[in-house]
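Reading through the structure tokens given below for one structure.
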Ligand code: DGL
């Protein structure tokens, strides 16, 4: 019998909780271990080297805690660190373990979601500069026109609890206007940062009334892809323990994490502080 462990869910901070929530809704029987590197977030403005190094440290820690499978529930980490971890680190750490990201599961569905063939990507500066969405979309759908928009203040708006306050409107409107001026044919906007589902109401309110634009939050697509992955890989599914538990780890103060997490999740949670590196 293979040894078993929880599924690891990693984000720079709280945003990955939007992914965890949807995964747990679809797959409640599994065990999960969430890790937020809150002490070092945001990652979105950091260099490739630093995001890679921080993410690698988190992956190693989650493996130490017994995870056999990890989801990088962070677009910035998926864009800047996933490939190197998969190709360079996993073969030496443990070739039987797996690390998956959130970009591919989102991109795979884009062909069915856009009618105009014009897609906008809203993300952190790191995700947008990496061009990962355009690269991945064009591998599957070469004709889709992709426009990226970096929204550097959206994560701080969420992390500071300002996402539903009047002050958020200015920064939300600014980036929506800019991306739609660049490509007025966009009919699908990907919320390519796991924090952004909290801004969804504001985004809807600030879209021009005359146009009908579909907003894509990633949770559902990542959860669907994980379920499908485990069906196709029964050897990995056997290694995922199933006692319906969920533990929360943070690199910041545990009380702060528990308080903020209640904004993202239903109900109270207890977190444990750990260090990375
Ligand atoms: N939630 C992360 C993402 O999906 C970004 C947050 C950050 O900048 O740390 O990109």
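Throughout, read-outs are computed from the coordinates displayed, never taken from laboratory work. Every value quoted in this text rests on a predicted model; they were computed, and no experiment measured them. As a convention, Cβ positions derive from the backbone with ideal geometry for all residues, glycine included, and neighbour counts pool all protein chains shown.
Quick look at the numbers
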item: Selection from the range 2-17 of residues that are over 11 Å from residue 32 (Cβ atoms), in contact with a strand residue (DSSP E or B) (Cβ under 7 Å, 6 or more places away or on another chain) and away from the ligand (no atom under 16 Å from the Cβ); result: 4
item: Residues (within 14 Å of the chain's Cα centre (by Cα), more than 10 Å from the ligand (Cβ to nearest atom) and part of a strand (DSSP E or B)) located in the range 18-47; result: 34, 35
item: Residue 124 in contact with a strand residue (DSSP E or B) (Cβ under 9 Å, 6 or more places away or on another chain), surrounded by 24 or more Cβ atoms within 10 Å (Cβ to Cβ) and within 14 Å of residue 191 (Cα to Cα); result: yes
item: In the range 149-168, residue surrounded by the most Cβ atoms within 10 Å (Cβ to Cβ) [restricted to those that are more than 13 Å from the ligand (Cβ to nearest atom) and part of a helix (DSSP H, G or I)]; result: 168
item: Which numbered condition residue 50 misses (of (1) within 12 Å of the ligand (Cβ to nearest atom); (2) in contact (Cβ under 8 Å) with a residue 60 or more places away in the chain); result: (2)
item: Of residues in the range 57-84 being without any contact (Cβ under 8 Å) to a residue 40 or more places away in the chain and within 16 Å of the ligand (Cβ to nearest atom), the one surrounded by the fewest Cβ atoms within 10 Å (Cβ to Cβ); result: 83
item: Extreme residue, farthest from the chain's Cα centre (by Cα), among residues of the range 197-222 that are within 15 Å of residue 154 (Cα to Cα) and surrounded by fewer than 18 Cβ atoms within 10 Å (Cβ to Cβ); result: 204
item: Residue list for the range 177-198, restricted to those being part of a helix (DSSP H, G or I), in contact (Cβ under 8 Å) with a residue 40 or more places away in the chain and in contact with a strand residue (DSSP E or B) (Cβ under 8 Å, 6 or more places away or on another chain); result: 179, 180, 196, 197
item: The lone exception for residue 212 - which of (1) within 15 Å of the ligand (Cβ to nearest atom); (2) assigned to a loop (DSSP other than H, G, I, E, B) it fails; result: (1)
item: Hits in the range 123-148 - residues which are farther than 11 Å from residue 80 by Cα and part of a helix (DSSP H, G or I); result: 125, 133, 134, 135, 136, 137, 138, 139, 140
item: From the options 255, 194, 245, residue that is more than 21 Å from residue 108 (Cα to Cα) and within 22 Å of the chain's Cα centre (by Cα); result: 245
item: Hits in the range 184-207 - residues which are away from the ligand (no atom under 16 Å from the Cβ) and touching a helix residue (DSSP H, G or I) at 6+ places or on another chain (Cβ under 7 Å); result: 186, 188, 202, 206, 207
item: Condition met for residue 91 (surrounded by fewer than 18 Cβ atoms within 10 Å (Cβ to Cβ) and closer than 26 Å to residue 156 by Cβ); result: no
item: Inter-residue pairs, beta-carbon under 6 Å, first more than 21 Å from residue 207 (Cβ to Cβ) and in the range 116-141, second surrounded by fewer than 24 Cβ atoms within 10 Å (Cβ to Cβ), 6+ apart; result: 125/45; 125/150; 125/152; 134/146; 137/110; 137/144; 137/146; 141/111
